[in-house]
4 protein chains.
Amino acid sequence: MTMSYNLLKGKRGIIFGALDPNSIAWITAERVHEEGGKFVLSNAPIAMRMGQINELAEKTGSQVIAADATSEEDLENLVKKSVEILGGKLDFILHSIGMSINVRKGRAYTDQKYDWTQKGTDVSAMSFHKVMQTLYKNNAMNEWGSIVALTYMAAQRVFPDYNDMADNKALLESIARSFGYFFGRDKNVRVNTISQSPTPTTAGKGVKGFDGFISYAEKMSPLGNATALDCANYTVSLFSDLTKRVTLQNLFNDGGFSNMGVSDAVMDMVTEN
Amino acid sequence: MTMSYNLLKGKRGIIFGALDPNSIAWITAERVHEEGGKFVLSNAPIAMRMGQINELAEKTGSQVIAADATSEEDLENLVKKSVEILGGKLDFILHSIGMSINVRKGRAYTDQKYDWTQKGTDVSAMSFHKVMQTLYKNNAMNEWGSIVALTYMAAQRVFPDYNDMADNKALLESIARSFGYFFGRDKNVRVNTISQSPTPTTAGKGVKGFDGFISYAEKMSPLGNATALDCANYTVSLFSDLTKRVTLQNLFNDGGFSNMGVSDAVMDMVTEN
Amino acid sequence: MTMSYNLLKGKRGIIFGALDPNSIAWITAERVHEEGGKFVLSNAPIAMRMGQINELAEKTGSQVIAADATSEEDLENLVKKSVEILGGKLDFILHSIGMSINVRKGRAYTDQKYDWTQKGTDVSAMSFHKVMQTLYKNNAMNEWGSIVALTYMAAQRVFPDYNDMADNKALLESIARSFGYFFGRDKNVRVNTISQSPTPTTAGKGVKGFDGFISYAEKMSPLGNATALDCANYTVSLFSDLTKRVTLQNLFNDGGFSNMGVSDAVMDMVTEN
Amino acid sequence: MTMSYNLLKGKRGIIFGALDPNSIAWITAERVHEEGGKFVLSNAPIAMRMGQINELAEKTGSQVIAADATSEEDLENLVKKSVEILGGKLDFILHSIGMSINVRKGRAYTDQKYDWTQKGTDVSAMSFHKVMQTLYKNNAMNEWGSIVALTYMAAQRVFPDYNDMADNKALLESIARSFGYFFGRDKNVRVNTISQSPTPTTAGKGVKGFDGFISYAEKMSPLGNATALDCANYTVSLFSDLTKRVTLQNLFNDGGFSNMGVSDAVMDMVTEN
């Protein structure tokens, strides 16, 4: 299962959002490490207390810097320290951050508590703008660097239980395009999002009916659901020099689901009833 | 120029955002009136002081109710009073509300002041959720009613000067889809957005380089830019019974721009240099 | 159920593909007639022998002209005679033509007989180019005229039983955009496609598993499947002056299916198993 | 400039369409060779006579098999011999084939000669179906193999000079999705298209106004046009195990053009006039 091609040798970056070994960001950090990349791990102070991020740091020879990704001050500190620690400007960033209080508290989409909604938007989407603005203003990215955020197809199509996270992801993807233009034009840096299959992470498991949905997605996708490792590998390819002029894109890593209308396997389930 | 087909006879609604005779919402109100629809006009208290909305109210036999579209309380009052005044549940809603302080103050997209950004998001996008949530909870829409919000192609593609309004529009369109699902499933109400050509409204004129951009869009679009009247007519068709099962859609009213890569007219301008 | 707004008063056109009272084109012809439009009906010679088109002609005061829509000669004759009969240039065209021999004969998509495939492409997609080229060369459309072809979402997403008709529809939609540019630029004529819910027409009924699929689509769509009458009404709106600057678009008339990832109703069916 | 990561070690394939050192397929063959992949080169008999493919074959240790990609018989022979020569089933396929007689002969899109159009469709799009059907029926692909075809954004948006190639590319992309479903479901093989920036290949140079267009695309794209080498690298990533669950996708390798509305550089050109 382990591969190494030295695709990221000499590259430096920051990986946000590794909580535990089920996290996509965790597995991506392992893969980036195998490919020769060096990085700083960052997470929200509260997530770090609950998480096992120090294990990952040890395993990958990384340092951990806590940062609330909605705080410009924390991000400023993170970016500056990361450049210092890693010994130069950055080549890659992974943003894997998302949270909805409305989802957590079981509040219906048609009955939002708007200060919760706003908090979710700030954490899940605006944080990506803030990360990029901090990098941009500090001129902290190397030319042909690569910034990736994780997203979900609910940004394009309705998945009722995804609730206000759908809107947060749509906003996140728009921010990727908008900022990607300026980061491309001014710094030759690419910005993309990966729209990943539903993945049984610790965060995902909190969503109502998630198991049934994973199985539905599996049956809809001609190649089955993309795993967290598949996502880590795809991210490695986007951090590498193989994809230097891919930018402003939302890239589906989903076994084909996004372009399915219906599969034979789903039709079979439906007509059995 | 004036047409009347009685397409909206017996229908009731609310029209948000008529500021002055250049506003799309203003012209839509006139067209809806010609087509036999009755409505309440609403605008932010501050916009109303600057605007000439009373003229429009008089011309169309409408009442005006001030409402801050970010205030749940104001919207609750507006919806309840509208149903009372118009004598029954509502059939149509036009949301034509948008504002970016970053744009107004000339703040670059890569140098956002985030409390301004958040205010813009609240006014331009979350207000649409709040309007729909108020209507939904008050069960204020008739079956087969139609809700329309105005948007712009910057939600899909980069127009650098559009700044954070691009992201606000992406969020707005996502909210249309997300809420549209529940409004369709539970109340048989459709929700769509119209993505309009750049239009020389009083609001639009504030955007940097807007005249040059209008002329570029004109040259890119095989049928030229859609006017405010074109938009009003399209909105009438979406409020009418001719489009009962069109929902969750983002509909381009733009002379074809959205599906252009390049036009001969633009290539001519570019190669003359 | 019957409506009339005089939306098409004084307008002239050609309607292709009315086979029997279940046909979308048939119902559209009835609605266009109610709205005051005059037209010539056309169908392939063989379809006309099987169909009941003369009933429709009588009911709507129309003449019928047989034309093989893959024959430039037949189309030339049709267009010239239509202008003559109707007393002037044309304002609207409905293309509702499609056929796959591979589907009819139960040939799998992975085992195509390519001369059948080519015949299907010619009838289902290239015929639309030929119709437009004939109209364009004969300068037979009035300014602000409207050309509509019917299509299906299989052009964007996979519906396995749709077989090679999916590819034909993708080609058809591309032709609409490509020709729409020239028709817009040179003649101020709009060209759009309507992507309709699966509809129980006589043609549709031939597709394997069609009933199960209709029921699946119904459950996926927040407003349910759009009916043939809904499609006729939508087409009327696109032929009318309400949509003068809508062009190059593929417009979904599908109760919202196209923007659904999954509905609660489908998840219920799937998790019951 | 040369990189090698051993990404394709042990993988076998067929590369269609290498004409001369400017061809994307040529450069891809070189990169695949550097990455450890083995392959057969194939081209149309007539293209081979004009081309320098034997140089490439020598350089990469490959054999050349002539095949008319519209002939099922030729493809059958090619696939069988390739498996034999390479010593096992195939892991990757590159389809880089396209041709329009209407373009070559300067025939307008509104004045097509339809037997030329049909020939172009057969060569440029149906050939891809035929290649896949031959592979599928001969069970010639290994699990997790990867099939890639090159396409262009004219499939989604209008580029007037691209003529009927736009429609051919739309058909090609649809075939990728449609066949991709069956190849995924039945053989765990992925199928994708890369939508590449305009590239100054020998074929591209034939298109009217191509130089002006390349320069326009360069100015529209925040990272500039993707080169043939960029395309080769992206293709390598799609052939590799890093992208195992990416399928049915159309992937833009275009410096960001596809998601641009307008760039500052283009606005500058336009407003100078």
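The values are calculated or read from the model by the stated rules, or taken from the named source; none is laboratory data. None of the values given here were measured: they were computed from a predicted structure. Please note: Cβ atoms are built from the backbone with ideal geometry, for glycine as well, and neighbour counts cover all protein chains shown. Protein only, heavy atoms only, side chains kept; ligands, DNA and RNA dropped before computing areas. Shrake-Rupley method; radii C 1.70, N 1.55, O 1.52, S 1.80 Å.
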Legend entry - Index of the failed condition, A:Gly98 passing every other in (1) open to solvent by less than 10 Å² (accessible area, probe 1.4 Å); (2) in a loop (DSSP other than H, G, I, E, B): (1)
Inset, instruction - Report the residue count in region C:134-154 for those that are of a type outside the set (A, V, I, L, M, F, W, C), open to solvent by 10 Å² or more (accessible area, probe 1.4 Å) and closer than 21 Å to C:Lys244 by Cβ. - result: 4
Inset, instruction - Considering every residue within region D:50-60, establish whether at least one is under 22 Å from D:Asn233 (Cβ atoms), touching a strand residue (DSSP E or B) at 6+ places or on another chain (Cβ under 6 Å) and part of a loop (DSSP other than H, G, I, E, B). - result: no
Inset, instruction - Quick one: in region B:61-89, of everything that is closer than 16 Å to B:Ala25 by Cβ and not hydroxyl-bearing (Ser, Thr, Tyr), which residue is surrounded by the fewest Cβ atoms within 10 Å (Cβ to Cβ)? - result: B:Gln63
Inset, instruction - Test each condition in (1) of a type outside the set (Phe, Trp, Tyr); (2) surrounded by fewer than 22 Cβ atoms within 10 Å (Cβ to Cβ); (3) away from chain D (no Cβ under 14 Å); (4) closer than 27 Å to C:Met267 by Cα for A:Asp115 and report the one that comes out false. - result: (4)
Inset, instruction - Return a yes/no flag: does region A:197-220 have any residue that is open to solvent by 10 Å² or more (accessible area, probe 1.4 Å), among the hydrophobic types (A, V, I, L, M, F, W, C) and assigned to a loop (DSSP other than H, G, I, E, B). - result: yes
Inset, instruction - For residues that are open to solvent by 10 Å² or more (accessible area, probe 1.4 Å) and hydrophobic (A, V, I, L, M, F, W, C), scanning just region C:229-252, find the one that is farthest from B:Ala228 (Cα to Cα). - result: C:Leu229
Inset, instruction - Scan D:Glu35, D:Glu58, D:Glu30 and give me the residue that is of a type in the set (Asp, Glu) and open to solvent by 60 Å² or more (accessible area, probe 1.4 Å). - result: D:Glu58
Inset, instruction - Give just the number: which of (1) under 21 Å from D:Val79 (Cα atoms); (2) of a type outside the set (S, T, N, Q); (3) out of contact with any strand residue (DSSP E or B) (no Cβ under 7 Å at 6 or more places or on another chain); (4) open to solvent by 10 Å² or more (accessible area, probe 1.4 Å) does D:Ala125 not satisfy? - result: (4)
Inset, instruction - Determine if region A:3-24 includes at least one residue that is touching a Lys or Arg at 6+ places or on another chain (Cβ under 7 Å) and at pLDDT 95 or above. - result: yes
Legend entry - Which numbered condition B:Ala47 fails, given (1) open to solvent by 70 Å² or more (accessible area, probe 1.4 Å); (2) at pLDDT below 95; (3) not polar (S, T, N, Q): (1)
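With respect to C:Val131, is the statement that it is aliphatic (A, V, I, L, M), open to solvent by 10 Å² or more (accessible area, probe 1.4 Å) and not in a loop (DSSP other than H, G, I, E, B) true?
On the way: aliphatic (A, V, I, L, M): yes; open to solvent by 10 Å² or more (accessible area, probe 1.4 Å): no; not in a loop (DSSP other than H, G, I, E, B): yes.
So C:Val131 does not fit the description; no.
Only one of A:Asn139, A:Asn188 is in contact (Cβ under 8 Å) with a residue 12 or more places away in the chain and touching an Asp or Glu at 6+ places or on another chain (Cβ under 7 Å). Can you tell me which? Talk me through it step by step, then tell me what you get.
On the way: A:Asn139 fails: touching an Asp or Glu at 6+ places or on another chain (Cβ under 7 Å).
When all the criteria are applied, what remains is A:Asn188.
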Inset, instruction - Kindly provide the set of residues from region A:149-172 that are among the aliphatic types (A, V, I, L, M), part of a strand (DSSP E or B) and more than 10 Å from chain B (Cβ to nearest Cβ), ordered by number. - result: A:Ala149, A:Leu150
Inset, instruction - Kindly indicate whether any position in region D:173-193 is more than 14 Å from chain A (Cβ to nearest Cβ) and under 21 Å from C:Ser124 (Cβ atoms). - result: no
Inset, instruction - Would you mind telling me which numbered condition in (1) in contact (Cβ under 8 Å) with a residue 24 or more places away in the chain; (2) open to solvent by 20 Å² or more (accessible area, probe 1.4 Å); (3) under 24 Å from B:Lys169 (Cβ atoms) B:Gly13 fails? - result: (2)
Legend entry - Checklist (1) among the hydroxyl-bearing types (Ser, Thr, Tyr); (2) in a helix (DSSP H, G or I); (3) in contact (Cβ under 8 Å) with a residue 12 or more places away in the chain applied to A:Ser146, failing item: (2)
Legend entry - Residue ID - farthest from B:Ala203 (Cα to Cα), chosen from residues in region B:1-48 that are touching a Cys at 6+ places or on another chain (Cβ under 8 Å) and among the aliphatic types (A, V, I, L, M): B:Ile27
Inset, instruction - Of all residues in region D:71-105, count the ones that are among the β-branched types (Val, Ile, Thr) and in contact with a Phe, Trp or Tyr (Cβ under 6 Å, 6 or more places away or on another chain). - result: 2
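In this structure, is C:Phe183 in contact with a strand residue (DSSP E or B) (Cβ under 7 Å, 6 or more places away or on another chain), within 26 Å of B:Met260 (Cα to Cα), among the aromatic types (Phe, Trp, Tyr) and part of a strand (DSSP E or B)? Steps first, please.
Details: in contact with a strand residue (DSSP E or B) (Cβ under 7 Å, 6 or more places away or on another chain): yes; within 26 Å of B:Met260 (Cα to Cα): yes; among the aromatic types (Phe, Trp, Tyr): yes; part of a strand (DSSP E or B): no.
Taking the combined requirement at face value, the residue does not satisfy it.
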Inset, instruction - Name the residue, out of D:Ile175, D:Ile93, that is in a strand (DSSP E or B) and open to solvent by less than 10 Å² (accessible area, probe 1.4 Å). - result: D:Ile93
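Taking the stated definitions as given, is A:Ala265 in contact (Cβ under 8 Å) with a residue 12 or more places away in the chain, more than 7 Å from chain D (Cβ to nearest Cβ), open to solvent by 30 Å² or more (accessible area, probe 1.4 Å) and in a helix (DSSP H, G or I)? Give the derivation first.
Values: in contact (Cβ under 8 Å) with a residue 12 or more places away in the chain: yes; more than 7 Å from chain D (Cβ to nearest Cβ): yes; open to solvent by 30 Å² or more (accessible area, probe 1.4 Å): yes; in a helix (DSSP H, G or I): yes.
Spelling it out, A:Ala265 is indeed in contact (Cβ under 8 Å) with a residue 12 or more places away in the chain, more than 7 Å from chain D (Cβ to nearest Cβ), open to solvent by 30 Å² or more (accessible area, probe 1.4 Å) and in a helix (DSSP H, G or I).
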Legend entry - Cβ-Cβ under 8 Å pairs, at least 6 apart or on other chains, region B:213-240 side facing another protein chain (nearest Cβ under 8 Å) and more than 22 Å from B:Ser263 (Cβ to Cβ), far side of a type in the set (Asp, Glu) and open to solvent by 10 Å² or more (accessible area, probe 1.4 Å): B:Asn233/C:Asp241
Inset, instruction - Taking D:Met269 as meeting all but one of (1) at pLDDT below 95; (2) touching a strand residue (DSSP E or B) at 6+ places or on another chain (Cβ under 7 Å), write down the number of the exception. - result: (2)
Inset, instruction - Kindly indicate the residue of region C:16-43 that is more than 13 Å from the chain's Cα centre (by Cα) and touching a residue at least 60 places away in the same chain (Cβ under 8 Å) and also farthest from B:Lys244 (Cα to Cα) among those meeting that condition. - result: C:Asp20
